[in-house]
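This is the structure I want to talk about, given as structure tokens.
The values are calculated or read from the model by the stated rules, or taken from the named source; none is laboratory data. Everything numeric in this text was worked out from a predicted model, so none of it was measured. Please note: Cβ atoms are built from the backbone with ideal geometry, for glycine as well, and neighbour counts cover all protein chains shown. Accessible surface is based on the protein model in full, side chains and every heavy atom, while ligands, DNA and RNA are left aside. Shrake-Rupley method; radii C 1.70, N 1.55, O 1.52, S 1.80 Å.
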Amino acid sequence: MATLYWEEEIETLPRVGLESIQLKRLQALVARVYETVEPYRRKMVAAGIEPGDIRQLSDLQKLPFTTKDDLRDNYPFGMFTMGLDDVVRVHASSGTTGKPTVVGYTKKDIDTWANLMARALTCAGASRGDMVHNAYGYGLFTGGLGAHYGAEKLGATVIPVSGGNSKRQITIMKDFGSTVLLSTPSYALNLAEAMEAMGIDPASLSLRVGIFGAEPWSENMREEVERKLNIKAVDIYGLSEVIGPGVAQECLQSSGGMHIFEDHFLPEIIDPQTGEALPHGERGELVFTTLTKEAFPVIRYRTKDISTLHTQTCNCGRTLVRMDKVTGRTDDMLIIRGVNVFPSQVEHVLMGIEGVEPHYQIIVERQGTMDTMSVEVEVSETLFSDEIKELEQLTRRITRDIKDILGVTCQVRLVNPRSIQRSEGKAQRVIDKRQI
Ligand code: DLL
């Protein structure tokens, strides 16, 4: 029998009680990173702040922001609070250039995360008796293992199927009786298409709910996936730097938005231009401070995701603040089939290859339910007059390097010198034709 809450007391706590927990945790966190993480201490000293200056929650705004650049500058482990002896796992996500962003977890962090994912799954209506079909990718990406540990903690049966091989996924779904699907929303649509092609009626399966995230998706997409898979679809949000999936979860009874697990993650919305904190109800950039993480906490981490916060109590009774669906980003990060891609990473790869000109364009399209990325790149005059064989070799090399470094397969097209339109201001590096 499904229950409504995983941790009822905390999920429905009146806000005064919640804020008192947040303040205590924030104070302890700031004191700890000041002592143990040199880059945090340096920034705080430069801003003239000491841990003792955090007396109330609003003092959070005195603390400097943390960005992906800080993580890159301290790659790989320079922002960890401890040596690797107590770090039991690392994950990584895309950095803005060649190096990934690395995050680490102690045993307790893994427990906290599993607990939060169990909370998220419960919030989405899953429970012990469920057969959880986990099609998030297993590996450095936080989706697969993050959801896996949460589903086990919940006591459900997990099918660690990971991404890809849709036909096999559907056979498994049918034979094992999957009831809960975890995947990116675009992959869910992909599965729906494959199901149709296999002549399988989704109503003949046991699938009941889908928990979709890791990329933006619209209400239209929700309707489509709900109809095509004959399920209820809910949104899950998270990012590696904060913990992974399980930062916020939409509930089944939702009157809009995802509940942020605020006893662990303190959210703010800021004006991305000025950095000023904005009141609830206003749209801006989401910023998170982790309150309980041990190995890799973050203070005021700028997610670059655009959303809005609301505090009205939800139909489900949770008092936790809700965030609206993420509607976009303040930077140029693209999410292709769930993989985060920065145009600067593509540039970094291209510039490492001789004969390739610094003129390129990335074209993103949605063919059916699949995102595709192609890269058009100019080659030098001399190379262009070379044998076809050599040009083909170059195409293969670029495709391979992009796959190796970014983790996405793309189509590379070499084009004539000076054929990509020159800009008179900002170069248009990306043409995103997807309509989500
Ligand atoms: O995508 C963690 C995750 C895994 C979330 C599985 C949900 C489900 P990263 O690879 O670090 O972590 O990418 C984080 O993905 O900053 C957003 O831009 C985007 N994102 C994540 N969830 C959503 C969502 C995982 N529900 C980045 N809606 C974030 C829109 C999302 N965008």
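Scan V30, V16 and give me the residue that is of a type outside the set (S, T, Y), open to solvent by less than 10 Å² (accessible area, probe 1.4 Å) and at negative phi. If you could, list the steps in order and put the result at the bottom.
Numbers: V16 fails: open to solvent by less than 10 Å² (accessible area, probe 1.4 Å).
Going through V30, V16 in turn, the sole match is V30.
Whether any residue in the stretch 367-374 is polar (S, T, N, Q), within 12 Å of the ligand (Cβ to nearest atom) and open to solvent by 10 Å² or more (accessible area, probe 1.4 Å) is what I want to check. Let's see the steps before the verdict.
Here is the first cut: in the stretch 367-374, the residues polar (S, T, N, Q) are 367, 369, 372, 374.
Next, only the ones that are within 12 Å of the ligand (Cβ to nearest atom) stay: none.
Among the residues of the stretch 367-374, not one is polar (S, T, N, Q), within 12 Å of the ligand (Cβ to nearest atom) and open to solvent by 10 Å² or more (accessible area, probe 1.4 Å), which makes the answer no.
Against the condition of a type in the set (A, V, I, L, M), touching a residue at least 40 places away in the same chain (Cβ under 8 Å), over 24 Å from G317 (Cβ atoms) and out of contact with any strand residue (DSSP E or B) (no Cβ under 8 Å at 6 or more places or on another chain), how does M44 come out, does it pass? Spell out how you get there, then give the answer.
On the way: of a type in the set (A, V, I, L, M): yes; touching a residue at least 40 places away in the same chain (Cβ under 8 Å): no; over 24 Å from G317 (Cβ atoms): yes; out of contact with any strand residue (DSSP E or B) (no Cβ under 8 Å at 6 or more places or on another chain): yes.
When the stated conditions are applied, M44 does not pass them.
Here's another thing I want to ask about it. Quick one: is S206 touching a strand residue (DSSP E or B) at 6+ places or on another chain (Cβ under 8 Å), small (G, A, S) and more than 26 Å from H91 (Cβ to Cβ)? Before the answer, list the steps.
Working: touching a strand residue (DSSP E or B) at 6+ places or on another chain (Cβ under 8 Å): yes; small (G, A, S): yes; more than 26 Å from H91 (Cβ to Cβ): yes.
When the stated conditions are applied, S206 passes them.
Scan the stretch 66-100 for residues that are touching a helix residue (DSSP H, G or I) at 6+ places or on another chain (Cβ under 9 Å) and under 20 Å from E268 (Cα atoms) and jot them down.
Result: T66, D70.
Check the stretch 326-347 and report whether any residue there is over 30 Å from S419 (Cα atoms), crowded, with 19+ Cβ neighbours inside 10 Å and at pLDDT 90 or above.
Residues of the stretch 326-347 over 30 Å from S419 (Cα atoms): 326-328, 338.
Cutting the leftovers down to crowded, with 19+ Cβ neighbours inside 10 Å gives us 326, 338.
Then keep just the ones that are at pLDDT 90 or above; that gives 326.
Yes; the residues of the stretch 326-347 include at least one that is over 30 Å from S419 (Cα atoms), crowded, with 19+ Cβ neighbours inside 10 Å and at pLDDT 90 or above.
While we're looking at this one, here's another question. Pairs needed: first member in the stretch 161-181, at pLDDT 95 or above; second member anywhere, of a type in the set (F, W, Y) and open to solvent by 10 Å² or more (accessible area, probe 1.4 Å); C-beta distance under 6 Å; at least 6 residues apart or different chains.
Sorted first by the residue in the stretch 161-181, then by its partner, the pairs are S162/Y138.
Mind listing whichever residues of the stretch 290-308 are open to solvent by 10 Å² or more (accessible area, probe 1.4 Å) and within 12 Å of the ligand (Cβ to nearest atom)?
R302, K304, D305, I306
Also, quick follow-up: Which condition number in (1) touching a Lys or Arg at 6+ places or on another chain (Cβ under 6 Å); (2) of a type in the set (S, T, Y); (3) away from the ligand (no atom under 14 Å from the Cβ) is the one that T311 fails?
Here T311 meets the rest and fails (1).
Another question, then. Being more than 8 Å from the ligand (Cβ to nearest atom) and either in contact (Cβ under 8 Å) with a residue 12 or more places away in the chain or within 22 Å of I306 (Cβ to Cβ) (or both) is the filter here; which residues of the stretch 227-245 pass it? Before the answer, list the steps.
Our first condition is that a residue be more than 8 Å from the ligand (Cβ to nearest atom); within the stretch 227-245, this holds for 227-234, 242-243.
Within the stretch 227-245, K228, L229, N230, I231, K232, A233, V234, V242, I243 qualify.
Output the qualifying pairs, or none if there are none: Cβ atoms under 6 angstrom, residues six or more apart or on different chains, first residue in the stretch 89-101 and free of Cβ contacts under 8 Å to residues at least 60 places away in the same chain and more than 10 Å from the ligand (Cβ to nearest atom), second residue outside any strand (DSSP E or B) and of a type in the set (S, T, Y).
Taking only residues 6 or more apart or on different chains, the pairs are K99/Y75.
Could you tell me how many of the residues in the stretch 253-264 are farther than 12 Å from R322 by Cα and crowded, with 23+ Cβ neighbours inside 10 Å?
Residues of the stretch 253-264 farther than 12 Å from R322 by Cα: 253, 263-264.
Next cut, crowded, with 23+ Cβ neighbours inside 10 Å only: 264.
Of the residues in that region, 1 qualify.
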